[in-house]
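To keep things clear, I will list the structure first and then write my remarks on it.
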Amino acid sequence: MAFKKRSSSILAETLFADLTVSSLVRGNDDENLKQRLEAQRERDRVSSLLVHQKAFLEDKTTRHLGLVAGFGAGKSYSLTVKILQLCFDNPGYTGIALEPTYGMLQDILIPQLQDIWDEWGISYTLFRGAAELKVQCPDGETSKVLLRSFENYQRLRGINAAWAVVDEIDTVKPQIANQAFQLLQGRIRSGINPQIAVCSTPEGFGWLYEFFVKNDDESKRLIKAKTTDNPYLPDSYIESLRAQYPPALIEAYLNGEFCNLAQSSVFNEFDRARNSSAEIVQTDDQVWIGADFNIGMCHFCCAVLREEAGKRVMHVVANHVVRDTYAMVAKIQQLFGNQILRGACTIFPDPAGQAQSTSSTKTDHQILREGSIQVKAERKAPNVQESIAHCNVLFHQEKIKVVCERCPELTASLEQWSYDDRGKPMKGGNNDYSHSGDALRYLVWGLMNGAGRSMQRGIRNY
């Protein structure tokens, strides 16, 4: 679908000094007034650029340019304008826009481009099937933008490009990020102003830190910004971030700083004294369960809700480790037979269990439902860092309590599960504390979604 370019471009008479506006069409006074107003609006938009946005857009010579910033600091806007700038600076050439997943291309990048470029009157054509854009440049040439994802980074092979932009690279597994970026570097070998521009929120000492800080050289420049550098954000936005994230993550997600997550435990807000409980399940209780499926070792934790001092508190009263999903069903039926008969036993399992089984030709969720247990499953697993942060906020607010003597595996996870040297929660090995922690994450995310987070694509109720 083509979008027609208006008589003047947002980029004309702006910081992109090499661009010139098309000659204004002489007409009646009303038309000339409209054009002058449009030109003034363009100048206003440029003057409203934040300091770090302007620095990111003005730098056309650094081979590897990075922008690391907190949430809401304007990274997405900067990246969207950068793509257009690189198209115009390299007319007739091909560029690459890279997101972590294909879904992020469809759900985030493309709508952003359409919103801003349509407003500015940019003439472009989007080919969704081919995953590419064609952009008309001021000199009449057409630039092409290939839309690609880290999921299928091998598709970068054979491309001859002039530039690339990369979004949220720190959320990609380091091994994949390294392989994809090395391949991407080899593709940038044409054009007038070749450049690779990267935007991301920092995730520990991940790829951004390794590339731009630890292995810094003259071909690289990293621009840093905080959420508070954006004066257009309402105060409530920053307050909500502080409410949703524990102190260990505020430095990264609010201040855009690289944080040494490897030195902290995953559930760093859990305190055995402050978050302890002696609660038991009453006959008339509704029972809530979180479950993590693994071959030969399935973990689940059980909880009840209580009202305490005007707030809802979740008490984890037991956790269990069983052989497989059938054994899980048998154990739940043994423990909570009365609740099952009343329809008062609900489980929030690992969403992956709706498509596979650790012990049968049936899916794990099918086995649970056949055991008369109510299943509430998200269509997609909650983001690991988001759900961990949510648990930590609730631990800090004393809205999660644990009967530690009846939850030995969960307590070990709460106190000993830590981050690796890449800032990611450790999994695998002889001392894998992740399974009970994952079961708790699913339970808390489904039952205690009180921090205002939106469930990913909704919950499936069975």
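The values are calculated or read from the model by the stated rules, or taken from the named source; none is laboratory data. Just so it is clear, the structure is predicted and the values come from calculations on it, not from any experiment. Reconstructed Cβ throughout: ideal geometry from the backbone, glycine too, with neighbour counts over all protein chains shown.
Assorted remarks:
- Residues of the range 69-93 satisfying the condition of being touching a Lys or Arg at 6+ places or on another chain (Cβ under 8 Å) and at pLDDT 95 or above: TYR93
- Verdict on LEU67 being outside any helix (DSSP H, G or I), buried (at least 23 other Cβ atoms within 10 Å of the Cβ) and not aromatic (Phe, Trp, Tyr): yes
- Within the range 257-284, residues that are under 14 Å from LEU410 (Cβ atoms) and not assigned by TED's automatic domain parsing to the domain that holds ALA243 reach partners that are aromatic (Phe, Trp, Tyr) and at pLDDT 85 or above with beta carbons closer than 7 Å, at six or more positions or on different chains, in the pairs SER265/TRP417; VAL266/TRP417; VAL266/TYR419; PHE267/PHE395; PHE267/TRP417; PHE270/PHE395; ASN275/PHE395.
- Checking each residue in the range 103-125 for being over 16 Å from VAL81 (Cβ atoms) and surrounded by fewer than 19 Cβ atoms within 10 Å (Cβ to Cβ) picks out GLY103, MET104, GLN106, ASP107, SER123, THR125.
- If you check LYS380, LYS399, LYS424 for being over 30 Å from LEU341 (Cβ atoms) and either buried (at least 17 other Cβ atoms within 10 Å of the Cβ) or aromatic (Phe, Trp, Tyr) (or both), only one passes: LYS424.
- Residue in the range 239-251 that is modelled with pLDDT of 90 or more, crowded, with 20+ Cβ neighbours inside 10 Å and part of a loop (DSSP other than H, G, I, E, B) present: no
- Residue satisfying all of: in the range 138-154; more than 25 Å from THR201 (Cβ to Cβ) and touching a strand residue (DSSP E or B) at 6+ places or on another chain (Cβ under 6 Å); surrounded by the most Cβ atoms within 10 Å (Cβ to Cβ) among these: SER143
- Entirely in the range 124-163, the strands (runs of 3 or more DSSP E) that have 2 or more residues that are free of Cβ contacts under 8 Å to residues at least 60 places away in the same chain: 132-136, 142-149
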